[in-house]
Amino acid sequence: MEPYLRFQLVTGSAKLLPYRPDDAYMALETRAREVFRFGIFEVDVRAGELRKQGVRIKLQEQPFQVLTVLLQSPGEVVTRDELRSRIWSADTFVDFDNSLNTSMNKLRDALGDSAERPRFIETLPRRGYRFIAPVSCTNGKESALGAMPPRPTHRWKVALSVVALLAALAAGGLLWRGRQARRLTDKDTIVLGDFANLTGDAVFDGTLREGLSVELEQSPFLNLLSPEGIHQTLRMMGQPANARLTPEIARELCLRTGSAAALQGSIALIGTRYNLILKAVDCASGNLLASTEAQANDKSHVLDALGKATSELRSKLGESLSTVQKYSVPLEQVTTPSLEALQAYSLGLPTEVGVTQQMLPFLQRATQLDPNFAMAYRAMSIAYSGRDSVLSAESGRNAFQLRAGVSEREKLNIEVNYYENVTGDLVNARRSCEIGAQTYPRDPRFLFRLERTSNALGQYEAGLKAILEFQRLVPNDWAGYRTVVLTYLLLGRVKEAEAVAEEAHAKDLDSGLASVLYGIAFYRNDPAGMARQAARTTVVPGQEGLLLAMEADTAAYFGYLRKSRELSRRAADSAELAAEKETAAGYYAVSALREALFGEAAKARQQAAIARQRSTGRAREKDYGVALALAYAGDAKQAQASADELDKKFPEDTIVQFNYLPTLRAKLALSHSNPLQALEALRISAPYELGLAAISYYNWPNLYPVYMRGEAYLAARQGSEAAAEFQKILDHRGIVLNEPIGALAHLQLARAYALQGDTAGSRAAYQDFLALWKDADPDIPVLKQAKAECARLR
């Protein structure tokens, strides 16, 4: 191949031919052997080096090329168009104005020059630049500025322009195609890679990626691949969950997840200025889709520069100007003006297993550095959940009070956490989820929370729709699979639940499904399946205690009360080891209620006392379990005091106000022989009585308003109405599962039939209960009572 090429204009086409030694390029090649000197600087064009008093100064390629062109025409104006044609090739897709401005800034920083008071390079607004210092040139001999080799004549300028033009034509119109680069759609997903920190300042490590993520997440148009999607795909790639997302890894992530673009950022310190560059690359082709640059005069303005660059990039990637303007709260306002606080926050962000206690020191540090950091408070609220309910509520409340200045997306996330986990107002939580899902239809987080709130309100079909859409967006997320399986189970659609579980197993995503698979095995009356799930060791953190608690319920369901007590104790110990004090206290509260339902009043009071000792927080499930256990154990005074305290602590909580308190008040009314008052108290619970009360993957305390209403009808001697309530429990096995009231419903149904005079129906229901408890502990009071009633019926 010839070392140089030239163009020959042929009629209607451009032809690529070998260059002759007398061609225009030879003039440039000759000039490229020159060394320029000015002041204390020296430029060796061939070596590509800038030296200051003999010491090499680092200067990137484009600024160096700009300097070379200016030195070739000292004292004369070099226009911006001429610089573009000389340096930026026609097939390069780049924001020329920003790129040239950046190059000039870097060049001036290297020379110690100033645009305001230039010593070397003068700016002529809207025209170009001029090198104003004396220049000498070495080209085999020394020459002064006035005796420099002549600049290319007008004829050569024309020749070079023709070469540039024909190069573009020969390349098939690459310039036009570059400017017509692919624009993203609202269906595309972006993989956000790591931010390259070239400054040497550790404060930017991880910080700018988080800032860029927050900025991009303001957009209802752009869709970032979720952290869950990144973690799952990295695992399939054989990479650790915290692997650095280099351009190569980010692009592979992009291809594996069917995303459209990979986005990378970098920051460099040029002199005293910080230069930020953002680039979006087409994953399939590797072509540049868009790029932006921004500069900050000092560290305190870096976040502001990042925000401006991101807004510009959003427009270049296809987002409309109206949404960019509408959803563009300044980054410093969305997050924090403190780089140090943002760095601490980025270190405390959720990992593959979610927000954990180990992240709390980082989040606490972030709020100490910036007491107005709303999103850090929200993350703290989630991290404290299950560990310290008081601090969780306090952090969530702080975030809610500081939400006014954050982006729309983050504001909705803060509101969902506040309504769901602080006040318990599920109606408002669900409304915020719906707004989030409508505004940001590709954000899976709003869909996941929409499923939770819908199921808590008993709207399981709506919950299923939301989680199926979540799974479509995040197809390889184990939590998504677990929730889909659970929701099908709650609806009683067990075959579909099993099919989804098989799909998760095929993808090796069933490690967190042990508890719901245990529930399916119980539903199928499959003891071997339950034992298999209970014995699994490859479960996500927190599942060990949960599985022990479910085994405790199963033991009680079949009347093995002594075994149930031991399993509950072990479940509580496991939760304690995981620093989940509120959860441990809740397991003791469940045990207390179980004892009370079975007639073991003394044991119920003992377990309730332990639950109170283990927790001083505001855990509503624990408080409710203790209060209801005391009511069943005959301690009406303490139960009433606990109910009043529950009402005081949770005045806005949907589950407390429409599920727990009506049930408690009904039981207290029955203890005073007032069934009509009990039925009236339960009237407001009807819309939510089938809901997943604890918004968890543990089936307690579900359907208690239904069970209590059945007891009220029995006390009122309305047999058919009572039978309908207890039958409702038996008809919703996927919701009640192995809850003790699922077994006791058979006994209560027998009593309802007897009240109606249906002896055959009553006898059959008694036999169903006694068959379940055929190997039960013989001294359980409720078992003795059931046997006596059945005998009298004969």
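The values are calculated or read from the model by the stated rules, or taken from the named source; none is laboratory data. Predicted, not measured: the structure shown is a model, and the values here were computed from it. Every residue, glycine among them, receives a Cβ derived from its backbone with ideal geometry; neighbour counts consider all protein chains shown. What goes into the accessible areas is simple: the full protein's heavy atoms, side chains included, and nothing from ligands, DNA or RNA. Shrake-Rupley method; radii C 1.70, N 1.55, O 1.52, S 1.80 Å.
Using a 1.4 Å probe over the heavy atoms of the protein chains, calculate the carbon and sulfur portion of the accessible area of segment 281-321 as a whole percent.
52
Which of the aspartates and glutamates could a cross-linker bridge to LYS507, judged by Cα under 18 Å and excluding same-chain residues fewer than eight apart?
GLU228, GLU352, ASP477, GLU496, GLU498
So, R0 is 22 Å and r is the distance between the beta-carbons of ALA686 and ARG431; what FRET efficiency does that work out to, to 0.05?
The calculated FRET efficiency here is 0.55.
For VAL203 and SER511, compute 0.36 nm times the residue count separating them, minus their Cα-Cα distance, and round to one decimal in nm.
107.2 nm
At 0.36 nm per residue, minus the direct Cα-Cα distance, what do GLN358 and GLU645 gain on full extension? Give it in nm, one decimal, please.
Taking GLN358 through GLU645 to full extension adds about 100.1 nm, to one decimal.
Work the Kirkwood hydrodynamic radius out for segment 373-449: mean of 1/r over every pair of different alpha-carbon atoms, inverted, in Å.
12.1
Which value, in Å², gives the accessible area per residue of the chain when a 1.4 Å probe is used on the protein heavy atoms?
Spelled out: the 1.4 Å probe surface of the chain, per residue, equals 44 Å².
Report the one residue of ALA608, LEU509, GLY529 whose Cα lies farthest in the direction of the positive end of the charge dipole of segment 469-625 (charges on C-beta: Lys and Arg +1, Asp and Glu -1; origin at the Cα centre).
Towards the positive end, the residue furthest out is ALA608.
Reported to two decimal places, what Rg/Rh ratio describes the chain when computed on Cα atoms with Rh from the Kirkwood expression?
My calculation of the ratio gives 1.16.
When the helices in the chain are scored as -39500 (n - 2.57) per DSSP H run of 4 or longer and the sum is shared across all residues, what 222 nm value do you end up with, to the nearest 500 deg cm²/dmol?
Taking each H run of at least 4 residues, the total per residue is -17000 deg cm²/dmol.
Note the full-extension length gain between GLU652 and SER720 as 0.36 nm times their separation in residues minus their Cα-Cα distance, in nm to one decimal.
21.0 nm
For ARG524 and LEU269, what is the calculated FRET efficiency with R₀ set at 45 Å and r taken between the beta-carbons, to the nearest 0.05?
The pair ARG524/LEU269 has a calculated efficiency of 0.10.
Out of the total accessible area of segment 379-459 (probe 1.4 Å, heavy atoms of protein only), what percent is carbon and sulfur?
45
How big is the charge dipole of segment 638-700 about its Cα centre, in debye rounded to the nearest 20, if each Lys and Arg gets +1 on its Cβ and each Asp and Glu gets -1 on its Cβ?
Computed about the Cα centre, the dipole is about 120 debye.
I'd like the accessible area for TRP773, computed on protein heavy atoms only with a 1.4 Å probe and all protein chains in place. Round to 10 Å², please.
10
Roughly speaking, what is the centre-to-centre gap between segment 740-794 and segment 222-264 when only Cα atoms are used, to the nearest Å?
58
Can you give the charge dipole size of the chain about its Cα centre, rounded to the nearest 20 debye, using +1 on the beta carbon of Lys and Arg and -1 on the beta carbon of Asp and Glu?
Using Cβ point charges on Lys, Arg, Asp and Glu, the chain gives about 900 debye.
Which shape class applies to segment 592-689: rounded if a/c is under 1.5, otherwise prolate when a/b exceeds b/c and oblate if not, where a ≥ b ≥ c are the square roots of the Cα gyration tensor eigenvalues?
Note, shape of segment 592-689 comes out oblate.
Any chance you could look up the accessible area of LYS52 with a 1.4 Å probe, heavy atoms only, rounded to 10 Å²?
We get 90 Å² for LYS52.
Relative contact order (percent) for the chain, with alpha-carbon contacts under 8 angstrom and 6 or more residues of separation?
7
Just to confirm the number: angle between the C-alpha axis of helix 636-649 and the first principal axis of the chain, 0 to 90 degrees, nearest 10?
20
How much solvent-accessible surface does LYS784 expose, in Å² to the nearest 10, with a 1.4 Å probe and all protein chains in place?
120
How much of the accessible area of segment 609-750, in percent, comes from carbon and sulfur atoms when a 1.4 Å probe is used?
49
Once you put a point 7 Å from the Cα of ASP731 and another 7 Å from the Cα of LYS187, both along the Cβ direction, what distance in nm separates them?
Output for this residue pair reads 4.3 nm.
Among LEU486, PRO778, PHE41, whose Cα lies farthest out toward the positive end of the dipole of the chain, if unit charges sit on the beta carbon of Lys, Arg (+1) and Asp, Glu (-1)?
Value computed over the given set: PHE41.
Starting from the residue with the highest accessible area, list MET236, MET359 in decreasing order, probe 1.4 Å.
Descending accessible area places them as MET236, MET359.
Using a ≥ b ≥ c from the Cα gyration tensor of segment 216-350 (square roots of the eigenvalues), is it rounded, prolate or oblate, where a/c under 1.5 gives rounded and otherwise the larger of a/b and b/c decides, a/b for prolate?
Prolate.
For segment 410-486, report the convex hull volume of the alpha-carbon atoms normalised per residue, in Å³, without decimals.
79
Cα-Cα over 19 Å: which of LYS581/LYS648; LYS316/LYS411; LYS106/LYS299; LYS563/LYS774; LYS106/LYS316; LYS58/LYS308?
LYS581/LYS648; LYS316/LYS411; LYS106/LYS316; LYS58/LYS308
Run the lone-cysteine check on the chain: no other Cys C-beta under 4.7 Å from the residue's C-beta.
CYS137, CYS433, CYS790
Work out the FRET efficiency for GLN767 and GLU503 from their Cβ-Cβ distance, taking R0 = 25 Å, and round it to the nearest 0.05.
With R0 = 25 Å, the Cβ-Cβ based efficiency is 0.05.
Using alpha carbons only, how many angstrom separate the centre of segment 399-422 from the centre of segment 592-609?
Here the two parts' Cα centres lie 40 Å apart.
Where a Cα-Cα gap under 16 Å defines reach, which aspartates and glutamates qualify for LYS784, not counting those fewer than 8 residues away within the same chain?
GLU595, GLU600, ASP768, ASP775
Take ILE121, ILE382, ILE249, ILE40 and sort them by solvent-accessible surface of the protein heavy atoms, 1.4 Å probe, largest at the top.
So the residues, ranked largest to smallest area, are ILE40, ILE382, ILE249, ILE121.
Sort GLU248, GLU595 from largest to smallest accessible area, using a 1.4 Å probe on the heavy atoms of the protein chains.
Result, largest first: GLU248, GLU595.
Just how large is the dipole of segment 412-486 about the Cα centre, in debye to the nearest 20, putting +1 at every Lys and Arg Cβ and -1 at every Asp and Glu Cβ?
For this selection, approximately 120 debye.
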